[in-house]
Amino acid sequence: MKYTLTLDLAAANIVAVLTDENDNQTTTRYAYAGVEFPSDPVSPDNIVTTLLDTLTTINNGLPGDTDVLTEVHFVSDIANGWIALDADFNALTEVISGGDNRAAKYVDALMINGIGGQLQRKTGLPMTPTEPLALTLWLKNENQEAYANAAHYMGVQEFIVNRLFGLNEVDEAHAARTGFYNVAHQDWDIQALAVTGLVTEQLPTLTTADAITTPLLAAVAAQTGLTEATTFYRR
């Protein structure tokens with residue numbers, strides 16, 4: 001039997017939907033350790049640990065010896081969660097979320113001076129306190145140590161892909177939610193980078209592929225028992 005697994009990376013847990021080839025579905029939830037409410041802070045490594053445990057449990061729990069996970073889909077409900085990392089890709093922050101409006105004053109300032117409108121026209125989306133560009137401004141002004149030591153920035157899904165495959169890339173659909181992406185040029189926007197003080201090298205490489213063709217890291221494959229028979233997708 002062939003199975004498809006969809007992993008919804010929500011704020012407080014991972015929702016796993018396992019679907020067999022007859023469209024029968026089983027849904028289970030795996031809570032992040034120490035996180036009881038969606039508003040509780042969660043560390044990036046906590047998310048990855050929970051994800052790996054989830055993959056291992058589900059793969060090992062398939063009922064037959066010939067059953068196989070043919071597809072795994074990552075869906076990120078923490079769509080705008082933002083992470084600052086050092087040069088070795090170690091997280092310097094918890095997952096930064098703008099749900100508490102912490103970055104609202106920076107959005108207001110950009111809209112008042114006209115820069116916000118310019119960026120909105122290039123990104124094709126309204127500027128909000130939850131988008132990573134605004135969260136980067138908050139970090140720059142209110143967590144200066146993390147900002148000064150940050151060599152990389154990425155979202156939750158990109159962090160997971162990095163930990164599972166060793167990649168530093170983002171698909172264009174997720175890039176478009178960051179506030180840094182220029183829709184017309186299909187690249188990171190120079191003005192958005194300048195506003196936050198970032199450079200292109202601090203953001204992931206852009207890709208148009210939703211399927212991940214790079215093999216799992218050896219340690220991840222050994223833990224989960226997954227092989228090249230499983231194709232991973234981000235969406």
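The values are calculated or read from the model by the stated rules, or taken from the named source; none is laboratory data. Just so it is clear, the structure is predicted and the values come from calculations on it, not from any experiment. Neighbour counts run over all protein chains shown; Cβ positions are idealised from the backbone, glycine included. What goes into the accessible areas is simple: the full protein's heavy atoms, side chains included, and nothing from ligands, DNA or RNA. Shrake-Rupley method; radii C 1.70, N 1.55, O 1.52, S 1.80 Å.
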Residue ID - farthest from residue 151 (Cα to Cα), chosen from residues in region 198-235 that are open to solvent by 60 Å² or more (accessible area, probe 1.4 Å) and in contact (Cβ under 8 Å) with a residue 60 or more places away in the chain: 223
Checking residue 140 against (1) in a strand (DSSP E or B); (2) open to solvent by 30 Å² or more (accessible area, probe 1.4 Å), the condition it does not meet: (1)
Residue selected from region 56-74 under the condition hydrophobic (A, V, I, L, M, F, W, C) and within 17 Å of the chain's Cα centre (by Cα), by the criterion farthest from residue 157 (Cα to Cα): 72
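Does residue 121 satisfy the condition of being over 20 Å from residue 174 (Cβ atoms), open to solvent by 30 Å² or more (accessible area, probe 1.4 Å), in a helix (DSSP H, G or I) and without any contact (Cβ under 8 Å) to a residue 60 or more places away in the chain?
So residue 121 fits the description; yes.
Tell me the residue from 53, 20, 40, 45 that is closer than 24 Å to residue 94 by Cβ, without any contact (Cβ under 8 Å) to a residue 24 or more places away in the chain, of a type in the set (Asp, Glu) and surrounded by 11 or more Cβ atoms within 10 Å (Cβ to Cβ), please.
Numbers: 20 fails: closer than 24 Å to residue 94 by Cβ; 40 fails: without any contact (Cβ under 8 Å) to a residue 24 or more places away in the chain; 45 fails: without any contact (Cβ under 8 Å) to a residue 24 or more places away in the chain.
Among 53, 20, 40, 45, only 53 is closer than 24 Å to residue 94 by Cβ, without any contact (Cβ under 8 Å) to a residue 24 or more places away in the chain, of a type in the set (Asp, Glu) and surrounded by 11 or more Cβ atoms within 10 Å (Cβ to Cβ).
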Scope region 1-17; condition open to solvent by less than 70 Å² (accessible area, probe 1.4 Å) and among the aliphatic types (A, V, I, L, M); matching residues: 5, 7, 9, 10, 11, 12, 14, 15, 16, 17
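Considering 88, 77, 67, which residue is modelled with pLDDT of 95 or more and either open to solvent by less than 50 Å² (accessible area, probe 1.4 Å) or not basic (Lys, Arg) (or both)?
After ruling out the rest, the residue left standing is 88.
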Residue list for region 102-117, restricted to those being farther than 15 Å from residue 82 by Cβ and either loosely packed, with under 15 Cβ neighbours inside 10 Å or charged (D, E, K, R) (or both): 105, 108, 109, 112, 113, 114, 117
